[in-house]
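Structure record follows, encoded as structure tokens.
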Amino acid sequence: MIKKGIWILTMALACGWNINVQSQTIEPLAMPVVEEDSIMKHITELSSETYEGRLAGTRGYNEAVAYVERVLRSYGVSVSEQLFEVECNEVENCKFNVYLPGTKDRRTFILGNDFCCAGMTGRGYVDAQMVFVGYGIDDEVLNDYKYVDVKGKIVIVLTGLPEGSWLPARVGERYATLRDKARTAERHGALGMLAINMSPSCLPYEPQSRIYCGALPHLATFPILHLTLDSGRELFLDESTAFDDALQTINKEHKIASFALRKRAEIDVNAIYRQRAVTGNVIGILKGYDRRYNDELIVVGASLDHAGIQGETALFPGADINASGVAAVLETARLLSQERFRPRRSIAFVLFSGSEQQWLGSRIFLRNFKDLRDVEAFVNVQNIGYGDSIVVLGDACYPTLWEIAQKRDEANHSLIWKGGEKMAPRGDARGFDQIGIPSLVFTTLNGLHHNHVSSDIWENIDRKILTNTTQVTVETVRELCDGFYMGRSMKSKALRFEE
């Protein structure tokens, strides 16, 4: 309908029709103003201990769902839930001690300070000697198990893959996750695994929690601990090979560096695992006021779940990741539900669960949302509470959409980063992009200083970048609903989402 209107106006001007051009003048859209305190209220609430890190499938996540539903309803938004099943592993407590050889002296490592459990750790007790097996790979091009016996032992592995990576792609695919490495270790007779975190996205002394550990099946009685880099280095003290030397041998010389340590470790994990815990997406619909366009939808979404809590000492609050994105969605709902700014197109506010497990919630949404053909665009908000500037992903695929955001930014802020290569949408937006739904992801540059760690608290939120990014998001959504955005093609509306 919007296309038809523009065509008529264009033809009229071209053919010299008698039209009062002044009467066709389009006034700039009035824009609502984001309130910092309003956004921060949601971040402070959702990152508090009340919600226990919002792990999908737990009481804490369900409480977060109840909170965002109350907020949306208070703005006059119609709310429903989209339920599905997800893997859920609740770590009740964990002990980890290392004993010096030939003595009763031990070093007690603290959960939440020196290490955390892998998201899908098995439960159980193990007391055994430790063996370092590099990146935990068993392949003809690199066999970390070739010269060591790990039967009845605890293996130490490095997360990820060797620098480079100089391994063939097929090897990288087989050993990319902790479950891949753990299955290999178990096949060689190991009883547990200590994974040293090699990720550059956190500081060497901060435990980093990752829920997704790889594909099923679950290793129910195989404990997997995720050590900080500093804790991992400590294991190598007074051993035959120093940590940095072992790393050099693997990464630079492309050789095996496996060896048996003299020390032994004691691991005791108590975890409650459910393969099919119930969780759900929250969907809020704000109906557009114009009957000609309110069957068209703009989806505004953010992930609601996070990494949870382990024991009593390892809480992952998720203030930036991603209470900040959720708060931006709620602020968008608050502002655009006001009568003065009520949209012509309808808006679906979607808060996804299962994002910590390969963005499961957004895939469930795309697979089951009955009005998917009516979706004209998707705006995703992710991790906007910390960083140097605004990054809007999607310009590589949807330049028209990106330009709308850029113009809104230039009108007031000029904070969108324009350097580097153009990028495709990612995260929850990947599935939308797959079926041709124009998508943007609002995030920040250099904003992962508190990535899945305990320091991701509301006090560390950068209020300026948070408020400015939310403002550009709100203005972009308003333009998509009330401006001259044409929507997506009929060809893309014929596509169906497939895994």
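Please treat every number below as a calculation from the coordinates, not as lab data. Keep in mind it's a predicted model, so treat the numbers as computed, not measured. Virtual Cβ from ideal backbone geometry, glycine too; neighbours counted across all protein chains shown.
Within the range 425-444, list the residues whose amide N lies under 14 Å from a label point set 7 Å along Cα→Cβ of Ser492.
425-426, 429-441
Starting from the Cα gyration tensor of the range 313-375, take the square roots of the eigenvalues, sort them a ≥ b ≥ c, and report rounded, prolate or oblate (rounded when a/c is under 1.5, otherwise prolate if a/b is larger than b/c, else oblate).
Working: a/c = 4.62, a/b = 1.29, b/c = 3.57.
In terms of gyration-tensor shape, oblate.
Is the shape of the range 347-499 best called rounded, prolate or oblate, per the rule: a/c under 1.5 gives rounded, else a/b larger than b/c gives prolate, else oblate, with a ≥ b ≥ c the square roots of the Cα gyration tensor eigenvalues?
Numbers: a/c = 1.93, a/b = 1.26, b/c = 1.53.
Oblate is the answer for the range 347-499, as a/c is 1.5 or above yet b/c matches or exceeds a/b.
Taking one equal scatterer on every alpha-carbon of the chain, how large is log10 of I(q)/I(0) by Debye at q = 0.08 1/Å?
Summing over Cα pairs of the chain leads to -0.55.
Can you work out the base-10 log of I(q)/I(0) for the range 89-273 at q = 0.09, 0.11, 0.13 1/Å, using the Debye formula on its C-alpha atoms alone?
Log-scaled intensity ratios, in q order: -0.27, -0.41, -0.59.
What distance in nm separates the two pseudo spin-label positions at Arg276 and Thr313, each 7 Å out from Cα along the beta-carbon direction?
3.7
Which semi-axis lengths, in whole Å and largest first, follow from the square roots of five times the eigenvalues of the Cα gyration tensor of the range 320-431? Could the numbers behind the result be given before it?
Details: eigenvalues 96, 74, 49 Å².
After diagonalising the Cα gyration tensor, the semi-axes are 22, 19, 16 Å.
Please state the equivalent ellipsoid semi-axes for the range 18-121: what are the square roots of 5 times the Cα gyration tensor eigenvalues, largest first, in whole Å?
On the way: eigenvalues 542, 69, 40 Å².
Whole-Å semi-axes of the equivalent ellipsoid: 52, 19, 14.
By DSSP, what percent of the beta bridges with both residues in the chain are antiparallel, rounded to the nearest 5? Numbers along the way, then the final one.
Details: 47 of 78 bridges.
Beta bridges within the chain, antiparallel portion: roughly 60 percent.
Give the separation of the Cα centroids, the range 94-170 to the range 192-211, in Å.
Here the answer is 12 Å between Cα centres.
In nm, give the distance between the simple-model label positions of Asp139 and Ala30, each being 7 Å from the Cα along the Cα-to-Cβ direction.
Roughly 6.1 nm, to one decimal.
Using alpha-carbon pairs under 8 Å, 6+ residues apart, how would you state the relative contact order of the range 89-273 in percent? Spell out each step's value before the answer.
Working: 409 pairs, mean separation 73.3, N = 185.
So the answer I get is 40 percent.
If you take the square roots of the eigenvalues of the alpha-carbon gyration tensor of the range 249-308 and sort them as a ≥ b ≥ c, do you get rounded (a/c under 1.5), prolate (a/b over b/c) or oblate?
Working: a/c = 6.26, a/b = 2.38, b/c = 2.63.
It comes out oblate by the Cα gyration axes.
Based on the mean of other Cβ atoms within 10 Å per residue, sort peptides 228-239, 342-353, 467-478 so the most packed one is first. The partial results should precede the final answer.
On the way: 228-239: 18.1, 342-353: 24.2, 467-478: 26.1.
In decreasing order of mean packing, 228-239, 342-353, 467-478 become 467-478, 342-353, 228-239.
Let me check against my output: what whole-number percent is the relative contact order of the chain, with C-alpha pairs under 8 Å and at least 6 apart? Write out the running numbers ahead of the final one.
Working: 1121 pairs, mean separation 102.7, N = 499.
RCO, the chain: 21 percent.
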